[in-house]
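Reading through the structure tokens given below for one structure.
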Amino acid sequence: MADVNAALAASREAIEQLMIAGERCGLSWTSPRAPGKRSPSQIVEHVARSLEESANIAAGRPSKFPKLPALVHPIVRGLLFNRVLRKSAFPKAKTNKAMNPTAGPATAAEGRARLEAAHRQFDEACRQLTSQGTRMRTTIFGAVPVEDYVRFMELHTRHHGKQMTTQL
């Protein structure tokens, strides 16, 4: 459980850094940084949805993440999941419709509350899964160690935090 504790603490720190950046955006909170890009509010909503759907997967509930055939799990795991963990960086990529919000929280304070609630769900579900000694059974990558998945989500959050700092 020590590894998942450290991973969840790092994930929580990434959420905090994302919100600090969001709070610094001021009046640009709901304004995209460029045409076709997300606003800080939409970034927060995207990250919150990702955490909630990850919590659903950890808890064995249905998720809005794409369901890829098991045959391609090792390929996607190698090309995306393992690469992100190895390089500690997310590549430029598109997301599915369910993770692509048209709007987000109206204020940075509401965004903070939204992210904190989503991360709390994620944290609890990951701790429960770890206590059972089970792997995270994802619909995209297949079964992966919980602490690796938490690290993946931390890097996802940091990736979007970097996008948000360009708003400043």
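The values are calculated or read from the model by the stated rules, or taken from the named source; none is laboratory data. None of these values were measured; they are calculated from a predicted model. Every residue, glycine among them, receives a Cβ derived from its backbone with ideal geometry; neighbour counts consider all protein chains shown. All accessible areas refer to the heavy atoms of the entire protein, side chains included, with ligands and DNA or RNA removed. Shrake-Rupley method; radii C 1.70, N 1.55, O 1.52, S 1.80 Å.
Averaging the Cα positions of each part gives two centres, and for region 119-168 and region 46-67 these lie 10 Å apart. Applying a length cut-off of 30 Å (Cα extent along the axis) and a mean Kyte-Doolittle floor of 0.0 to the DSSP H helices of the chain leaves 2-24. When the chain is treated as a GNM with alpha-carbon contacts under 10 Å, the residue of A48, A125, A89 showing the greatest mean-square fluctuation is A89.
Just from its helices, what would the mean residue ellipticity at 222 nm be for the chain, if runs of 4 or more DSSP H residues each count -39500 (n - 2.57) and the sum is divided by every residue, rounded to the nearest 500 deg cm²/dmol? Before the final figure, lay out the partial values.
Numbers: 6 runs with 96 residues, N = 168.
Per the formula, -19000 deg cm²/dmol.
Rounded to the nearest 20 Debye, what is the dipole magnitude of the chain about its Cα centre when Lys and Arg each give +1 and Asp and Glu each give -1 at the C-beta? Don't skip to the end; give the middle numbers.
Working: 25 positive and 14 negative charges, 147 e Å.
Its charge dipole is roughly 700 debye.
Note on H46: accessible area approximately 10 square angstrom, rounded to 10, probe 1.4 Å, nucleic acids and ligands left out.
Once you keep just the Cα pairs under 8 angstrom separated by 6 or more residues, what percentage relative contact order results for the chain? Intermediate values should be presented prior to the final figure.
Details: 233 pairs, mean separation 72.4, N = 168.
The value is 43 percent.
Assuming R0 = 35 Å, can you tell me the calculated FRET efficiency for the pair Q17 and A70, based on Cβ-Cβ distance, to the nearest 0.05? All intermediate terms of the calculation are to be shown ahead of the outcome.
Values: r = 35 Å, r/R0 = 1.01.
Approximately 0.50, to the nearest 0.05.
Only one residue of L129, P105, L85 has its Cα farthest out toward the positive end of the dipole of region 46-168, where Lys and Arg carry +1 and Asp and Glu -1 on Cβ, and that residue is L85.
Ignoring ligands, DNA and RNA, please state the percent of accessible area on region 52-158 from carbon and sulfur, probe 1.4 Å.
Working: 3210 of 5790 Å².
Looking at region 52-158 in its full context, I get 55 percent from C and S.
In Å², and per residue, what accessible area does the chain have when probed at 1.4 Å with the other protein chains present? Accessible surface, normalised per residue, equals 51 Å².
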